[in-house]
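*Asks:* There's a structure below that I have some questions on.
The values are calculated or read from the model by the stated rules, or taken from the named source; none is laboratory data. Note that this is a predicted model, so its numbers are computed, not measured. Note: ideal-geometry Cβ built from the backbone for every residue, glycine included; neighbour counts use all protein chains shown. Areas reflect the complete protein model, heavy atoms only, side chains present, ligands, DNA and RNA absent. Shrake-Rupley method; radii C 1.70, N 1.55, O 1.52, S 1.80 Å.
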Amino acid sequence: GVRSESMTRGHSERLAGMARDAVAGAGGGFQALDRIGVTVGPGSFTGLRVGLAFAQGLGAALGIPVVGLSSLDALKASVEHARTVVALIDARRGQVYGRAWRAGVAVGPAEAWAVDDARAFVAELETNSPLAADDRVHLVGSGAALVGEGSGHGVIHPLEGPDPAAMAWLTAAVDPQAHPPRPLYLRAPDAIPPTRLPGEARAARS
């Protein structure tokens, strides 16, 4: 069962109702669940916290395991037919979060790349491929078009988020102990901690 809605705010208020409707559509309701899967990032700080808090609360209420899944791993699983995959998430500020796989094996860890560096990486991966000459790099995720358009390298998939079926498969397949629901951050938060407490006077300038 799938529910999706484009929103700019109010995610925490809508999430529980959408989850209720999704499991009702699948049949059996919450009591039919054996396990909960939730993406842990990389992604927006607020979005990750909202999703993780809800998933962990629901898991505790139902007494079932909660599995943390990398958003990049879930994107890769969504194009399982492709031999060489680079999953890319638009991180804003001229960056993407990315990870690459070849023949099902990760080429490296998840990283935050400048867009130009990601383009160079995809070009090198495609032109220096030790596999078949026609082995194209498949780009998937919200950062795929950002990296692939105009570069002449990579096949861009229109899928911006993980496929729900791939998410369900990963949730069932991985070991919950090895995939805890902890957030994966690849860069420092944009927010800056306050320099003074509420009601505290500003420091005098010299």
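*Asks:* Once you put a point 7 Å from the Cα of ARG20 and another 7 Å from the Cα of GLN177, both along the Cβ direction, what distance in nm separates them?
*Replies:* So the two model labels end up 3.6 nm from each other.
*Asks:* While we're here: Enumerate by residue number the GluC sites (Glu not before Pro) in segment 93-169 meeting two conditions: DSSP loop (anything except H, G, I, E, B), and at most 12 other Cβ atoms within 10 Å of the site's Cβ.
*Replies:* In loop regions of segment 93-169 (DSSP not H, G, I, E or B), the sparsely surrounded GluC sites (Glu not before Pro) are GLU149.
*Asks:* Let's test the formula: R0 of 22 Å, r as the Cβ-Cβ distance of ALA61 and MET7. What FRET efficiency results, to the nearest 0.05?
*Replies:* 0.35
*Asks:* Averaged per residue, what accessible surface does the chain expose to a 1.4 Å probe, in Å²?
*Replies:* 59
*Asks:* For the chain, which longest stretch is free of loop sites, where a loop site is one of the trypsin sites (Lys or Arg not before Pro) that DSSP puts outside H, G, I, E and B and that has at most 13 other Cβ atoms within 10 Å?
*Replies:* Result for the longest clean stretch: 94-186.
*Asks:* Then there's this: Give me the percent of the accessible area of the chain that comes from carbon and sulfur atoms, probe 1.4 Å, all protein chains in place.
*Replies:* Ligands and nucleic acids excluded, carbon and sulfur reach 53 percent.
*Asks:* Using a simple spin-label model with points 7 Å from Cα along the Cα→Cβ vector, what separation in nm is obtained for THR46 and GLU80?
*Replies:* 3.5
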